[in-house]
Amino acid sequence: MVTAARGGVNFPASTRATSRPDGRSVRVERRRWVDRARRHGRRRTDDRIQSRAIGDAAVRERGSVDGSDGRLTPTYAGSTARGGRRRIESELGTSTTEQAGRNVTNILLEAGWSGLIVLGTLGLVTNYTGKILIACQRRGTLPASERSTEGAGGSTLWSATGVVGDDVCPDEFYERPAERALTSYEDIGEAAFGKLGRNFITSVLYTELIGTAGLFFILEGDHLATLFHAKGKEELFACAAALFMVPTTWLFDLSKLSYVGALGLYASTVLTGVVSYELIHQYTTTGSLPHLAETTFVNWSTFPVSFGLLAFVYAGHAVFPAIYASMEKPEEYEKMLDESYIVVGLNCLALGCAGYALFGNEVSDQVTLSLDTGALATLAFGLTAINPFAKFALTLDPVAKGVDSKLGFRVRDSKSDALVSRLLRTALGVLTLGAAIKLPFFGVGMSLVGAALTLSVSVTFPSMCYLRMFGDELSRGERWLNYAILGIGFTCAASGTAAAFQSALEISG
């Protein structure tokens, strides 16, 4: 077959107007593909076509990054229309920056200064797994007839286009089953391990999100009780906060909360500044740091607890695929990921060292609770207490929409479906509150969720998918590297979960 290059796409020289089933001619289809190739100015490779198929699909308003705390959770602010599609504008972060900012000092409390070694090691490991996860996304496809189920980490797409190479003509394309690109973490799990992989990762992601939402109630109860000098009333304040937080889940369009959520990044920055200022002020006025002598290098009894806490620092893999799908220049993903990890790592290093040196082993599981009263501390308290009001709805939204999808609700078209959906969201929020009250220990909760769930999402499962999808194509060194990562992930998850359970039993007993 003689081919001619047109607009960077190779089509047969023949211009016969073969008809498609819907009546549109292939000639029209050729013109549409050529115009698209010229408009984007990209060479058509398989990887790029996957990205373009994602971008050209009708991406619902989700799966971007909420820059308020750096965590890769759905946000809806800044979406703009370009070329007939929606591109999600966002500031990318790779972890729960605000949570890391509030709790990284607790990591050193549990592990000692050696926790910084674990922090750096997990940073390198999760950065690598974040890259190989997207490599799996580029490699895999699923039948286009299947819907990309709306889940915790991705968007809902109906793909009418398949993955087409440079030498594939629309005539040939319509004669074979179409395939769509992967758009979510669940899709990657299915491409690697079938329906079992999808079901496993969906259950883990949903459980992680519900656990994280429960931690917001604990956070609110602790901070409001301290702010109003009502120690011992944490559960009461958590219930009071729920009266305002749960109704935010009734919103089907969460863009209105994005402005409140933007305070999260500001709160994290202010918190780092406040703790650093207190450290410098105490040293300059007294000439010493008395609590520094009370710190330890390794605290072996609670060292495993730090694994789960550190997992939260680098949590974000759940929505990396959706972020990659929303990028206008997906080839810059690796660079963006490296820059984000540097920002998060430096923030954790500064706040962790300053807080631990300032308060020593007497530091609270949330460093804000150890701050002395004053204008700066009150500001940090207020900002920290406000942010969960926006984050709660954003965190539970993927779970709620997953339930809506399973039940076939059309909340934007049917008032009855919308009412039932809001009732179910309310019930989900109340159940989350009940779970939080049963485990009113923020540090233990963070460690338990992080060790049992987040490490699976961020460390072990990406390597499992990578080994499964690339197999013999990997060099011996890379295969052994991923085997080592699996060993690290399983060891940290098992020991961290056991230590978290033991800590919970000791505190409750």
Test residue 194 against the stated conditions and say whether it is over 22 Å from the mean Cα position of the chain (by Cα) and under 30 Å from residue 468 (Cβ atoms).
yes
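With a cut-off of at least 1 residues that are modelled with pLDDT of 85 or more, loosely packed, with under 14 Cβ neighbours inside 10 Å and hydroxyl-bearing (Ser, Thr, Tyr), name the helices (runs of 4 or more DSSP H) lying wholly within the range 424-509.
Working: elements: 442-449, 461-470, 476-508.
Result: 476-508.
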Apart from one, (1) part of a helix (DSSP H, G or I); (2) under 18 Å from residue 394 (Cα atoms); (3) at pLDDT below 80 all hold for residue 211; the odd one out is (3)
Search the range 340-362 for residues that are without any contact (Cβ under 8 Å) to a residue 24 or more places away in the chain and at positive phi and pair each with any residue that is part of a helix (DSSP H, G or I) and buried (at least 22 other Cβ atoms within 10 Å of the Cβ) when their beta-carbon atoms are under 9 Å apart and the residues are at least 6 apart or on different chains.
none
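Give the residue that is farthest from the chain's Cα centre (by Cα), with candidates limited to residues of the range 378-391 that are crowded, with 22+ Cβ neighbours inside 10 Å and farther than 14 Å from residue 221 by Cα. Spell out the reasoning first.
Residues of the range 378-391 that are crowded, with 22+ Cβ neighbours inside 10 Å, as a first pass: 380, 384, 387-388, 390-391.
Still in the list and also farther than 14 Å from residue 221 by Cα: 380, 390-391.
Details: 380: 24, 390: 16, 391: 12 Å.
Of everything passing the filter in the range 378-391, 380 is farthest from the chain's Cα centre (by Cα).
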Filter the range 392-423 down to the residues that are acidic (Asp, Glu) and either under 25 Å from the mean Cα position of the chain (by Cα) or outside any helix (DSSP H, G or I) (or both), then identify the one that is nearest to residue 224 (Cα to Cα).
397
The condition of being crowded, with 22+ Cβ neighbours inside 10 Å and among the hydrophobic types (A, V, I, L, M, F, W, C) holds, among 193, 228, 217, 244, only for 217
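The values are calculated or read from the model by the stated rules, or taken from the named source; none is laboratory data. Small disclaimer: the values here were computed from a predicted structure and weren't measured. As a convention, Cβ positions derive from the backbone with ideal geometry for all residues, glycine included, and neighbour counts pool all protein chains shown.
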